[in-house]
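This report concerns only the one structure given below.
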Amino acid sequence: MAFDLAHTRPHRAKMVTSRSGEMVLGDNLAERSASRLDFQSKTLRSPLDEFEKRFQQNMKGLLQLGVHTFKPETNYGDAQVLPLEGKSVDLIVTSPPYASNAIDYMRAHKFSLVWMGHAVDDLSMRRSKYIGGETVADVEIEQFPSQTATILGEVTALDRKKGVALRRYYSEMTRVLSEMFRVLKYGGTSVVVVGSSILRGRDTETQNCLAEIGQSIGFEVPKIGIRHLDRNRRMMPAGSKINLDSQIQQRMHEEYVIGFYKPQSHNDLDKAL
Ligand SMILES: C[S@@+](CC[C@H](N)C(=O)[O-])C[C@H]1O[C@@H](n2cnc3c(N)ncnc32)[C@H](O)[C@@H]1O
């Protein structure tokens with residue numbers, strides 16, 4: 001009955017109808033015409049039919065792109081320790097997690113993980129290892145450049161626990177950015193899409209902190225683009241009125257596209273050495 005698995009928050013559908021049109025849940029609400037009910041209604045669909053439909057759609061799109069002209073390879077691993085050779089990658093495009101458990105990715109992944117053979121009992125251990133988690137035991141903390149350290153200090157003063165979680169997040173992202181720097185070829189680029197978070201009213205400025213951390217590692221950051229998210233097309237719809245007290249609403253109407261460039265000059269430096 002989960003309303004929205006893909007976007008992970010535990011919203012439960014209030015009115016659920018089967019494929020044949022039978023009311024499975026929320027009979028008592030059917031008479032109401034409140035506009036919110038549109039957002040709260042769900043028709044059950046067969047996951048296998050849906051999988052096939054989306055698979056066909058994706059195949060069609062991929063064939064149009066002509067990707068059959070090269071052989072893709074899929075691999076998995078931890079973004080903090082990439083299973084890739086140094087200086088072997090031309091381009092990275094990625095969207096890392098939000099800071100401080102803002103989105104529960106495990107909630108979106110758990111069914112897939114179990115279908116792929118992971119034990120249910122392992123899921124909470126895996127969740128704690130996801131970047132951006134809130135537990136801080138056994139997490140190595142990195143040194144931060146000045147602007148990031150200032151924001152960390154401010155958040156910690158407002159809420160110690162959230163400050164510590166943010167420190168974990170920026171430490172993990174420092175390792176992710178270092179790995180990107182290691183695996184990219186000189187002149188290679190990493191495009192990173194991030195959202196910021198509001199913790200106790202303070203914007204974590206994730207885009208600026210990651211840019212600063214990247215620069216301290218050796219990247220150039222020529223630009224941070226802003227992408228406005230369409231309120232109505234989000235999978236997790238924001239309310240129709242702007243509510244400045246809502247952290248979710250404040251956080252999620254913009255995302256940032258950071259361009260990290262590994263300069264050629266490092267190559268020249270290497271040669272000189
Ligand atoms: C903002 S989402 C990006 C989703 C992705 N664009 C997609 O379409 O599936 C961030 C993803 O990073 C994953 N993640 C968390 N920790 C990770 C790690 N250490 N290494 C690699 N991925 C991680 C999360 O599970 C989540 O799926």
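Read the figures in this text as sums done on the coordinates, not as results from a lab. Quick caveat, the model's predicted, so the values are computed rather than measured. Note that we place each Cβ from the backbone using ideal geometry, even for glycine, and neighbour counts take in every protein chain shown.
Regarding segment 64-159, what's the average projected area of the Cα-atom convex hull, expressed in nm²?
Mean projected area for segment 64-159: 10.3 nm², to one decimal.
What FRET efficiency comes out for the pair Tyr130/Arg182, r = Cβ-Cβ distance, R0 = 22 Å, nearest 0.05?
Plugging the Cβ-Cβ distance into 1/(1 + (r/R0)^6) gives 0.50.
Can you give me the distance in nm between label points at Phe51 and Phe70, each placed 7 Å from the Cα along the Cα-to-Cβ direction?
3.0 nm
Could you put Ile198, Ile103, Ile131 in order, starting from the residue whose Cβ has the fewest other Cβ atoms within 10 Å?
Ile198, Ile131, Ile103
Taking the Cβ of Gln80 as the center, what net charge do the other residues with Cβ under 13 Å away carry, scoring Lys and Arg +1 and Asp and Glu -1?
-1
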